[in-house]
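Bear in mind these aren't lab numbers, they're just calculated from the coordinates by the rules spelled out. Keep in mind it's a predicted model, so treat the numbers as computed, not measured. Note that each Cβ is placed from the backbone with ideal geometry, even for glycine, and that neighbours are counted across all protein chains shown.
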Amino acid sequence: MKKHSSYKEYLDTLSKISKAITSDLYLEDVLKLIVSLTANVMKAKICSLWLLDGKTQELRIRATQALSREYLKERVLKVGEGIVGLVAREKKPVLIANVLKDKRYKEKQLAKKEGLVSMLSVPMMVKKRATGVINIYTTFPYRFTKSDIILLSTVANQAAVAIENTELLVKTKIIQEELEARKKIERAKGILMREKNVSEEAAYNLIRKSSMDKRLPMKEIAEAVILSHEIKGKL
């Protein structure tokens, strides 16, 4: 690119990204930092990170350091559509010398407005599965090197790991909350069974009916039953 970054700059960038991934930063902030650092070290006009929705098989931009309103507009690409969709499907990097001359590139009008010329697009991989795509663009003709591809691929895979870990944490939290709610409901059932001398099914139905009548989660009804029982126990 304008001035090729040194190997040390590449390593420093990867080190900063690694630290960001293991920090307490929110995922959105981590992704923004990743694209900013990548654009800077690779001397790129734009670096953009697209995430794949596994259910809809659609890709959307999740982070970019670009400030252009035109570039930041909501855009959706299907897997296999355009360069981004192609990279997500084939799971291999794609290099383009001039996006305006490549038939596969879908957004030529946008490229003209932004002055985009060369492009490198790589898949974000986790366990042989593409979870998204990272692109970089230059505003001048540029032949991407093997080092460029290795660096961007490493960054892309680090970003993929960060996203995967965040999703696992969210899932774990949801599972933990569900287990906690079940425990409280079970305990509340036991209290109602003893206090009202009813069956387990009847006790459960009492909690569910109260939940529906008061429009509150069953967990909150269970907590109220437990609290009431504890207060009675202290009297």
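On C-alpha positions alone, give me the angle between the axis of helix 200-214 and the longest principal axis of the chain, in degrees, nearest 10. The helix 200-214 is inclined about 60 degrees to the chain. Backbone amide hydrogens, once placed in the peptide plane, bring Lys106 within less than 5 Å of Ile83, excluding anything fewer than 5 places away on its chain. I want to check the label-to-label distance for Val126 and Asp53. Put each point 7 Å from Cα in the C-beta direction and report it in nm to one decimal. In this crude spin-label approximation the distance works out to 1.8 nm. Annotation: segment 172-234 has a Kirkwood hydrodynamic radius of 11.9 angstrom, from the mean reciprocal C-alpha pair distance.
By how many degrees, between 0 and 90 and to the nearest 10, does the Cα long axis of helix 7-21 differ from the longest principal axis of the chain? Tilt of helix 7-21: around 20 degrees. Once C-alpha pairs closer than 8 Å and six or more residues apart are averaged by separation and normalised to the residue number of segment 172-234, the relative contact order reads 39 percent.
Where in segment 198-221 is the amide nitrogen less than 17 Å from a point lying 7 Å along the Cα-to-Cβ axis of Ala181? Residues passing the 17 Å test: 204-221. For helix 146-196, report the angle its Cα long axis makes with the longest principal axis of the Cα atoms of the chain; keep it between 0 and 90° and round to the nearest 10°. Helix 146-196 and the main axis of the chain meet at about 10 degrees.
Setting aside same-chain residues fewer than 8 positions from Lys113, which aspartates and glutamates have a Cα under 12 Å from its Cα? Counting by Cα, and skipping residues close in sequence, Lys113 has these aspartates and glutamates nearby: Glu70.
Database remark: amide H of Lys45 closer than 5 angstrom to the amide H of Tyr137, Thr138, Thr139 (H placed geometrically; neighbours at sequence offset of 5 or more, or on other chains; Pro and chain starts carry no H).
For trypsin sites (Lys or Arg not before Pro), the sites in segment 87-195 that DSSP calls loop and that have at most 15 other Cβ atoms within 10 Å are Lys91, Lys103, Arg104, Lys127, Lys128, Arg143.
Legend: residue pairs Lys92/Lys112; Lys16/Lys101; Lys45/Lys91; Lys78/Lys108, Cα-Cα distance threshold 29 Å; pairs beyond threshold, Lys16/Lys101.
With only Cα atoms counted, the chain has Rg and Dmax values of 25.8, 82 Å.
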